[in-house]
Amino acid sequence: MIVRNYIRSFVSIFILTLSLNSLADGASPTSQVKSTVNGILDVLSEKSLTTDARREKIHKLLNSRFYFRAMSQRTLARNWKKATTEQQKEFIGLFSDLLRNTYVGRIEAYTDQRIEYLREKIKNAKRSIVYTQIVTSSADIPITYKLAKKGNEWLIYDVIIEKVSLISNYRSSYASIIKREGMDHLLEKMKEKLKTADAS
């Protein structure tokens, strides 16, 4: 009887410890992604906002969830270490703007549709994947988020839209430009692209 009570007490303490650890670790990857995506959709639906006000709100939401430095490093791959500190800093700023524009543009096209959060996969203590899809009348659009844990936050370091990775898509084209014309030329081309997007 004493042994049985001891085991029961041990199991209770073990379960309680797991629960406390879970709370300490914060919300799940899915709930954190959902919070950000829903926040963006809410902003997009606010018709009274000016373009600048809408952009400011969306950028704030994305800045809190997107791991732009990690995304920049993965995009440049081996060229990251070859770049100077100033080039790295400038690339992060420009690339962050491009990613925000690309992602929001894709999401904005489906604002009247339903988003389903299908499942999540915890790869290890620092990596996870959240699978979602946008349900339209004609097709289901898969959007997958790859996340890395930083503190209690799950931060997105890649988005795969309709089986196309944003990071991989940019990586191949950027590597080609750097090889032909160098890092500074890539930065200039990125600036030109952003200017064109702002003017449209």
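Any read-out appearing in this document is the output of simple, stated calculations on the displayed coordinates, not a laboratory observation. Since the model is a prediction, treat every value here as computed from it, not as a measurement. Because the Cβ atoms are built from the backbone with ideal geometry, glycine has one as well, and the counts that use them run over all protein chains shown.
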Sort 27-36, 100-109 by the packing proxy (mean of other Cβ within 10 Å over each peptide's residues), most packed first.
27-36, 100-109
Among the lysines, select those whose C-alpha is under 25 Å from the C-alpha of LYS126, and discard any that sit fewer than 8 residues away in the same chain.
LYS34, LYS60, LYS81, LYS89, LYS146, LYS149, LYS150, LYS163
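Order 139-146, 39-46 from most to least packed using the mean count of other Cβ atoms within 10 Å.
139-146, 39-46
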In nm, to one decimal, how far is the modelled label at THR51 from the one at ILE177, with both set 7 Å along Cα→Cβ?
2.2
